[in-house]
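Step one of this worksheet: look at the structure below.
The values are calculated or read from the model by the stated rules, or taken from the named source; none is laboratory data. The shown structure was predicted, so the numbers you read here are calculated from the model rather than taken from an experiment. Heads up, the Cβs are rebuilt from the backbone with ideal geometry, glycines too, and the neighbour counts pull from every protein chain shown. With ligands, DNA and RNA removed, areas are computed over all heavy atoms of the protein, side chains included. Shrake-Rupley method; radii C 1.70, N 1.55, O 1.52, S 1.80 Å.
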Amino acid sequence: MAGHFPAARFPGLLAALRKSATITEALLQQGVSDYRRQVTRVSARLPQPQEAELLQTPRNRPLLITENVNVDQHGAVVEFGVSRYPTPRVQIVIEP
């Protein structure tokens, strides 16, 4: 997963991430006591050459792509994340 964080809001986040076991712990050190998933988008596409190589998957087999936005208790964005999954290695479960 690739997580992207607002640099102006979290100038010390990189150092906190190096010292912390989790993103949640690092965000806590930056003053974010809680956050939640606001949205997750799911799509599929064929992999780029580098993605296929890194994920050890054929170029003609689609990847499942998730994009998500996490917000703090005030609704301000704390993270935008993108993940890529080879389709034979993922299962999606949605529960009410």
Sparse-neighbourhood loop hits (trypsin sites (Lys or Arg not before Pro), segment 4-96; DSSP loop; Cβ within 10 Å at most 16 others) -> ARG9, ARG59
Among GLY81, GLY12, GLY31, the residue with the largest mean-square fluctuation in a Gaussian network model of the chain built from Cα contacts under 10 Å is GLY31
Provide ILE92, ILE23 ordered by accessible surface of protein heavy atoms (probe 1.4 Å), highest first. ILE92, ILE23
With n ≥ 4 as the cut-off for DSSP H runs, can you work out [θ] at 222 nm for the chain, using -39500 (n - 2.57) per run divided by the number of residues, rounded to the nearest 500? -5500 deg cm²/dmol
Provide Rg over Rh for the chain; use the alpha carbon set for both Rg and the Kirkwood Rh (inverse mean inverse pair distance). 1.04
Over segment 5-64, with every protein chain in place, what whole percent of the accessible area is carbon and sulfur at 1.4 Å, could you tell me? 52 percent
√(5λ) per eigenvalue of the Cα gyration tensor, segment 17-67, largest first, Å: 32, 16, 6
